[in-house]
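Undergrad: This is the structure, below, for whatever I ask next.
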Amino acid sequence: MTASRLVIYNTLTRQKERFEPMHAPQVGMYVCGPTVYGDPHLGHARPAITFDLVFRYLQHLGYKVRYVRNITDVGHLEHDADEGEDKIAKKARLEQLEPMEIAQYYTNRYHEAMDRLGCLRPSIEPHATGHIIEQQQLVQQILNRGFAYESNGSIYFDIEAYNKQYKYGVLSGRSLENIKDASRDNLDGVGEKRNQADFALWKKAQPEHIMRWPSPWSDGFPGWHCECTAMGRKYLGEEFDIHGGGMDLVFPHHECEIAQAVASMGHQAVKYWMHNNMLTINGQKMGKSLGNFITLNQFFTGDHPLLSKAYAPMVIRFFILSAHYRGTVDFSDEALQAAEKGLEKLMNGISDLQRIAVSPQCDPETEKTVKTLRDRCYDAMNDDFATPQVISLLFEGCTVVNKLIDHKATICADCLKELKDTMHLFTFDILGLQPQNAGADNAAREEAFGKVVDMVLDLRAKAKANKDWATSDQIRDALAQAGFEVKDTKDGVTWKLNK
């Protein structure tokens, strides 16, 4: 079984490791989801597509995957600091709406965009606001074990105390001294914290703060890092297999998650930490101030100065999968045009599989390519989800198809079936690509198909009118042989294709 050969790069150990679930065939996977205060953009698309691929492949290998992806609808402060205004609350104030109206609207927008990108919905999608009690319980456990302290109604994680017994910085590789140095210019919580590197577990709400909940310490709200630790544990247990997210979350978010888990339970919760790399636009980090901030909807409509045209969602997905998830991706209009041509080539190759004539035997080169294609695709996927290699191999399949169409090679029935099955399996089921405008294309094909049949039947009607019974019967018999049922009625001729 190919499952035993799967290796995954573990950010925690900085090496590839054989994937061995703790409770096979069950697999638990938690992925950090969006903060829902604005339209989804490329930064949302890459982790969603990356871990959709992981989800699909693990299921294909026979694992029963519980995929949990959170919705952050509270506690994500401006600049991800301990002070400031909650991003959702800020948006609600500016638009004079309830915070939950903002959260619901942008959650819906996120779902719509991810659906169009072909991402399967997770097994569970918990919201931070629905798990305030669990987050308070986590904070209390950390307090009880002596790794947090109360200050003016807020609760802070005590990094110095934690570091005496454990080690803060195991995921990012940062030392406590480096973290302290980086925090010295941070004025957030001055006078409340024992150490400027300490992070908030619970924040006392200021009078103007909209989103607040009662707690044993104050009316306030949870720190950003608490939700994932609390919800991951609730739905996947005290230990689970995979935690994923973007590389920008390694520090501080995932580092703080590890510290919270160890401080509350005495042990790590996650076996494999997976991170997709970052993306840029024309070589620059995406940002509104740079004028290169492009939402997914703008890609789909082409409504942005940096885009020459609209790009279908599958072009975005294909482009992201064309790079390894741990490699950087640079979006540009030219790169997307190239991806569009590549996707078209792949889809044309799969479509042309239906036009290939079967021969009594394969030529040796075709037989070798086809019979090894599936295993080579599995080898690529099992090597830390190497999608660029999979796509390259699928293009090899397209080359075989082109040779067969041009009668420069021959293929037998068994090999043709194997080629079809392999191309469909890895293109549609595992990579999650979909034919572009399949519904519109099918409707157009059916319309053209019907017009051709009607034209042939018109020729038959003219033959009958001229008493050319031989031609009339020949057309009828040829249609019947092709699977058409033609009936002459008093109201005219009817036809249907017997499938």
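Undergrad: Applying the Karplus parametrisation 6.51 cos²θ - 1.76 cosθ + 1.60 with θ = phi - 60° to the phi angles of region 368-374, what ³J(HN,Hα) value in whole Hz is obtained for each residue in order, glycine and proline being reported as x?
TA: 5, 4, 5, 6, 9, 4, 4
Undergrad: Kindly flag which residue pairs out of 309/341; 464/487; 167/204; 87/285; 345/420; 16/371 have an alpha-carbon separation exceeding 18 Å in this structure.
TA: On the way: 309/341 14 Å; 464/487 14 Å; 167/204 28 Å; 87/285 21 Å; 345/420 16 Å; 16/371 28 Å.
167/204; 87/285; 16/371, as the Cα separations exceed 18 Å there.
Undergrad: Turning to a different aspect of this structure: Quick check on the chain: of the DSSP beta bridges with both residues there, what percent are antiparallel, nearest 5%? If you can, show how the numbers build up before the last one.
TA: Working: 25 of 47 bridges.
If I count the DSSP bridges inside the chain, around 55 percent turn out antiparallel.
Undergrad: Please name whichever of 294, 266, 252 sits farthest to the positive end of the charge dipole of region 164-308, dipole taken about the Cα centre and charges placed at Cβ: Lys and Arg +1, Asp and Glu -1.
TA: 266
Undergrad: Which whole-Hz ³J(HN,Hα) couplings does region 310-327 yield from phi under the Karplus relation 6.51 cos²θ - 1.76 cosθ + 1.60, θ = phi - 60°, glycine and proline marked x?
TA: Going residue by residue, I get 7, 10, 5, x, 5, 5, 4, 4, 4, 4, 5, 6, 6, 10, 5, 4, 8, x Hz, with x marking Gly and Pro.
Undergrad: Starting from the amide H of residue 202, placed 1.01 Å from N in the peptide plane, find each other amide H under 5 Å away whose residue is 5 or more places distant or on another chain.
TA: Those lying under 5 Å, H to H, from residue 202 are 155, 223.
Undergrad: List the residues, sorted by chain then number, that are 5 or more residues from residue 6 or on another chain and whose placed amide H is less than 5 Å from its amide H.
TA: 19
Undergrad: Report the longest stretch of the chain that contains none of the GluC sites (Glu not before Pro) sitting in a DSSP loop with at most 13 other Cβ atoms within 10 Å.
TA: Values: sites that count: 208, 238.
Free of exposed loop sites, the longest segment is 239-499.
Undergrad: How tilted is helix 132-144 with respect to the longest principal axis of the chain? Cα atoms for both, answer in degrees (0 to 90, nearest 10).
TA: For 132-144 against the chain, the angle is about 40 degrees.
Undergrad: Taking only protein heavy atoms into account and a 1.4 Å probe, give the accessible area per residue of region 196-235 in Å². Show your work: numbers first, answer last.
TA: Values: 1480 Å² over 40 residues.
I get 37 Å² per residue for region 196-235.
Undergrad: Please give the helix 42-60 orientation as an angle from the longest Cα principal axis of the chain, in degrees from 0 to 90, rounded to the nearest 10.
TA: Computed tilt is about 70 degrees.
Undergrad: Right, something else. For region 220-226, take each phi angle, set θ = phi - 60°, evaluate the Karplus expression 6.51 cos²θ - 1.76 cosθ + 1.60, and give the result in whole Hz per residue in order, putting x for glycine and proline.
TA: Once θ is set to phi - 60°, the couplings for region 220-226 become x, 8, x, x, 4, 6, 5 Hz.
Undergrad: Only four residue types carry charge here, +1 at the Cβ of Lys and Arg and -1 at the Cβ of Asp and Glu. Report the dipole size of the chain about the Cα centre in Debye, rounded to the nearest 20.
TA: On the way: 57 positive and 67 negative charges, 215 e Å.
It works out to roughly 1040 debye.
Undergrad: In 20 Å bins starting at 0, how do the alpha-carbon pair distances of the chain split up by percent?
TA: The calculated distribution, bin by bin, is 20, 44, 24, 10, 2, 0.
Undergrad: Taking the Cα atoms only, what angle lies between the long axis of helix 99-116 and the longest principal axis of the chain, rounded to 10 degrees?
TA: Here the helix axis deviates by roughly 30 degrees.
Undergrad: If I histogram all Cα-Cα distances within region 194-350 using bins 10 Å wide from 0, what percent of pairs lands in each bin?
TA: Result returned by the calculation: 9, 26, 24, 24, 14, 3, 0.
Undergrad: Ignoring ligands, DNA and RNA, what percent of the 1.4 Å accessible area of region 298-398 is carbon and sulfur? Numbers along the way, then the final one.
TA: Details: 2200 of 4470 Å².
After summing per-atom areas, the C and S share lands at 49 percent.
The values are calculated or read from the model by the stated rules, or taken from the named source; none is laboratory data. These numbers come from a predicted model, not from an experiment. Ideal geometry is used to build each Cβ from the backbone, glycine not excepted, and the neighbour counts take in all protein chains shown. With ligands, DNA and RNA removed, areas are computed over all heavy atoms of the protein, side chains included. Shrake-Rupley method; radii C 1.70, N 1.55, O 1.52, S 1.80 Å.
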